[in-house]
Amino acid sequence: MSKPRYLAGPGGTIGGELDVPGDKSISHRALMFGGIAEGNTEITGFLAGEDCLATLHALQSLGVRIDRPEEQHVLVHGVGPDGLRGASAPLDMGNAGTAIRLFMGLLAPQRFDSTLIGDESLMRRPMERVATPLRLMGANIQTHEGRPPVEIRASKDIRAIDYTLPVASAQVKSAVLLAGLQAFGRTHVREPAPSRDHTERMLGAFGVEVLRKGPTVAIEGGQTLRGTTVKVPGDFSSAAFFIVAACLAAEKGLLLRNVGVNPTRTGLIELLLQMGADIRVHPHGNRERSAGTNAEPTADIEVHKSRLRGIKVPESLVPLSIDEFPVFFIAAACAEGETLVRGALELRVKESDRLAAMAEGLTTLGVENQLLADGLWLRGADHFSGGTVNSHGDHRIAMAFAVASLRAQAPIEILDVANVATSFPGFVSMARAVGLQVETP
Ligand code: S3P
């Protein structure tokens with residue numbers, strides 16, 4: 001059977017209002033933390049995408065009872081700190097890097113063995129970055145040439161560590177903190193640059209004391225999570241496609257409602273503002289946020305068509321916009337002048353090699369660019385051609401090229417798009433509702 005593809009018609013305008021689906025990072029964490037908490041956790045606004053469903057099914061295999069009265073409404077019956085039990089088969093994480101890496105931290109201190117696997121893309125991704133600090137804590141963990149399957153043997157004596165991350169990674173930080181929660185002593189994790197802090201914020205909401213001082217996060221082992229309510233905000237990384245689409249073509253503006261605007265996630269707004277974008281963030285007050293948002297700030301984001309100029313991306317903003325580079329490169333391809341991104345080596349080990357995949361697709365569309373070891377240089381153009389681009393099975397590459405169609409002069413065919421369902425179920429209908437001419441033929 002041939003793989004699903006998109007056909008995106010050229011041109012068009014963007015407008016209206018929309019609510020993007022729930023945040024992927026927060027949905028994964030709400031399930032996992034709810035699973036090991038004492039008592040029940042109620043999640044609303046849950047992202048019913050394949051990645052988070054992989055986490056949900058893995059927790060069920062580990063003995064956690066989970067009810068789902070509605071698509072986006074989940075009740076997790078926490079089993080408490082010692083309540084997980086070994087699964088009878090390998091745990092399949094699908095395409096989800098966050099799931100496999102956080103589960104490594106959660107399962108390494110358990111008294112049973114676990115094997116973690118995933119789809120073709122996940123089986124190629126690096127896992128030693130998590131296995132290394134966990135081994136320093138006393139975990140018995142094996143990867144296959146650094147990749148999954150990840151085999152974890154039962155451990156009893158997990159010890160706290162003081163660890164400096166070699167790269168800014170929220171997944172590694174979170175895995176070490178989750179193991180630290182079950183370790184003897186106080187674990188310290190130091191980051192070379194700030195990465196998303198959903199784990200720290202949400203552990204606080206589950207009643208765990210997380211100490212934060214400058215670049216260091218510390219957690220005392222042996223604390224128990226208490227079930228809570230989690231109201232998941234709209235995913236900024238999903239909103240990002242429409243923020244850029246609106247910069248390119250929203251003559252009358254586009255309003256994105258209830259988007260998570262945690263400052264460790266919104267680097268794209270800063271980059272687009274530097275490029276001259278007309279973006280207005282209307283933050284929600286405490287009352288609108290109400291209980292259960294776990295100190296995750298939310299806002300409505302209003303975007304108008306803007307004349308963009310190319311920029312040199314400050315390296316400090318790379319971790320704060322790490323998932324947004326595919327669509328950022330589309331914005332840059334439509335900007336006046338040159339754009340340069342360096343210090344973004346991490347993009348090579350995401351769901352695809354995102355630097356290579358974007359360079360390849362942009363070349364097809366006639367955008368002058370140069371692939372660099374740790375980044376990409378490109379020269380913006382007012383319009384580009386159509387053509388067939390390969391998403392390499394990467395959801396964010398697929399959606400980024402759908403946005404590119406707004407400035408194309410002929411249709412763009414985008415191959416291998418099934419994985420859009422990992423993070424953004426309903427992308428095509430939402431995109432069409434605001435004016436993108438994208439369809440699944
Ligand atoms: C995520 C962290 C980031 C990000 C990923 C989600 C998370 O990965 O790219 O999509 O939820 O912690 P890294 O930690 O590898 O940077």
*Under the condition of being in a helix (DSSP H, G or I), open to solvent by 40 Å² or more (accessible area, probe 1.4 Å) and in contact (Cβ under 8 Å) with a residue 60 or more places away in the chain, which residue from the range 400-441 is nearest to PHE325 (Cα to Cα)?*
MET430
*So GLU346 clears everything in (1) within 22 Å of CYS247 (Cβ to Cβ); (2) under 20 Å from the mean Cα position of the chain (by Cα); (3) surrounded by fewer than 24 Cβ atoms within 10 Å (Cβ to Cβ) except one condition, right? Which one?*
(1)
*Kindly provide the set of residues from the range 336-360 that are assigned to a helix (DSSP H, G or I), more than 16 Å from the ligand (Cβ to nearest atom) and closer than 25 Å to GLY276 by Cα, ordered by number.*
ALA359
*Tell me, please, whether a residue that is under 16 Å from the mean Cα position of the chain (by Cα) and under 17 Å from ALA108 (Cα atoms) can be found in the range 185-195.*
no
*Residues in the range 179-189: is at least one in contact with a Lys or Arg (Cβ under 7 Å, 6 or more places away or on another chain) and within 16 Å of the ligand (Cβ to nearest atom)?*
yes
*Quick one: which of ALA99, ALA37 is touching a residue at least 24 places away in the same chain (Cβ under 8 Å), surrounded by 18 or more Cβ atoms within 10 Å (Cβ to Cβ) and touching an Asp or Glu at 6+ places or on another chain (Cβ under 9 Å)?*
ALA99
*Among the residues of the range 121-138, write down those that are open to solvent by less than 40 Å² (accessible area, probe 1.4 Å), touching a strand residue (DSSP E or B) at 6+ places or on another chain (Cβ under 7 Å) and farther than 19 Å from ALA168 by Cα.*
LEU122, MET137, GLY138
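Each row is one residue, and each column tells you yes or no for (1) more than 18 Å from GLY35 (Cβ to Cβ); (2) surrounded by fewer than 24 Cβ atoms within 10 Å (Cβ to Cβ); (3) in contact with a helix residue (DSSP H, G or I) (Cβ under 7 Å, 6 or more places away or on another chain).
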| residue | (1), (2), (3) |
| --- | --- |
| ILE158 | yes, yes, yes |
| ASP162 | yes, yes, no |
| GLN171 | no, yes, yes |
| SER174 | no, no, yes |
| GLN182 | no, yes, no |
| GLY185 | yes, yes, no |
| HIS188 | yes, yes, no |
| ASP197 | yes, yes, no |
| PHE206 | no, no, yes |
*Does any residue of the range 349-361 turn out to be within 27 Å of GLN171 (Cβ to Cβ), among the acidic types (Asp, Glu) and more than 19 Å from the chain's Cα centre (by Cα)?*
yes
*Can you find a residue in the range 214-231 that is within 16 Å of the ligand (Cβ to nearest atom), open to solvent by 30 Å² or more (accessible area, probe 1.4 Å) and over 17 Å from the mean Cα position of the chain (by Cα)?*
yes
*Of all residues in the range 215-269, count the ones that are touching a residue at least 60 places away in the same chain (Cβ under 8 Å), small (Gly, Ala, Ser), in contact with a helix residue (DSSP H, G or I) (Cβ under 6 Å, 6 or more places away or on another chain) and part of a helix (DSSP H, G or I).*
4
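A quick yes/no check of all residues on (1) assigned to a helix (DSSP H, G or I); (2) of a type in the set (D, E, K, R):
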residue: GLY11; (1), (2): no, no
residue: GLU17; (1), (2): no, yes
residue: SER25; (1), (2): yes, no
residue: GLY34; (1), (2): yes, no
residue: GLY39; (1), (2): no, no
residue: GLU42; (1), (2): no, yes
residue: HIS57; (1), (2): yes, no
residue: ILE66; (1), (2): no, no
residue: LEU75; (1), (2): no, no
*asked:* So in the range 190-205, with the set limited to residues that are part of a helix (DSSP H, G or I) and hydrophobic (A, V, I, L, M, F, W, C), which one is nearest to the ligand (Cβ to nearest atom)?
replied: MET202
*Any chance you could count how many residues in the range 1-48 are within 16 Å of the ligand (Cβ to nearest atom), hydroxyl-bearing (Ser, Thr, Tyr) and over 19 Å from ASP67 (Cα atoms)?*
1
*Determine which single condition VAL420 fails, assuming it passes every other condition in (1) more than 16 Å from the ligand (Cβ to nearest atom); (2) touching a strand residue (DSSP E or B) at 6+ places or on another chain (Cβ under 9 Å); (3) not aromatic (Phe, Trp, Tyr).*
(1)
*Please enumerate the residues belonging to the range 34-57 that are among the hydrophobic types (A, V, I, L, M, F, W, C) and touching a helix residue (DSSP H, G or I) at 6+ places or on another chain (Cβ under 6 Å).*
ILE43, PHE46, LEU47, CYS52, ALA54, LEU56
*Can you work out which of the residues in the range 139-156 that are of a type in the set (A, V, I, L, M, F, W, C) and over 19 Å from GLU220 (Cβ atoms) is surrounded by the fewest Cβ atoms within 10 Å (Cβ to Cβ)?*
ALA154
*Meets criteria (within 16 Å of the ligand (Cβ to nearest atom) and over 26 Å from THR298 (Cβ atoms)) for ALA58*: yes
*Just name the residue that is farthest from the ligand (Cβ to nearest atom) out of those in the range 110-120 that are open to solvent by less than 60 Å² (accessible area, probe 1.4 Å) and part of a loop (DSSP other than H, G, I, E, B).*
PHE112
*Picking from VAL327, VAL303, which residue would you name as being assigned to a strand (DSSP E or B) and either within 16 Å of the ligand (Cβ to nearest atom) or open to solvent by less than 10 Å² (accessible area, probe 1.4 Å) (or both)?*
VAL303
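The values are calculated or read from the model by the stated rules, or taken from the named source; none is laboratory data. Remember, predicted model here, so these are calculated numbers, not experimental data. Here Cβ is always computed from backbone atoms with ideal geometry, including for glycine, and neighbour counts include all displayed protein chains. Keep in mind that these areas ignore ligands, DNA and RNA; they rest on the heavy atoms of the full protein, side chains included. Shrake-Rupley method; radii C 1.70, N 1.55, O 1.52, S 1.80 Å.
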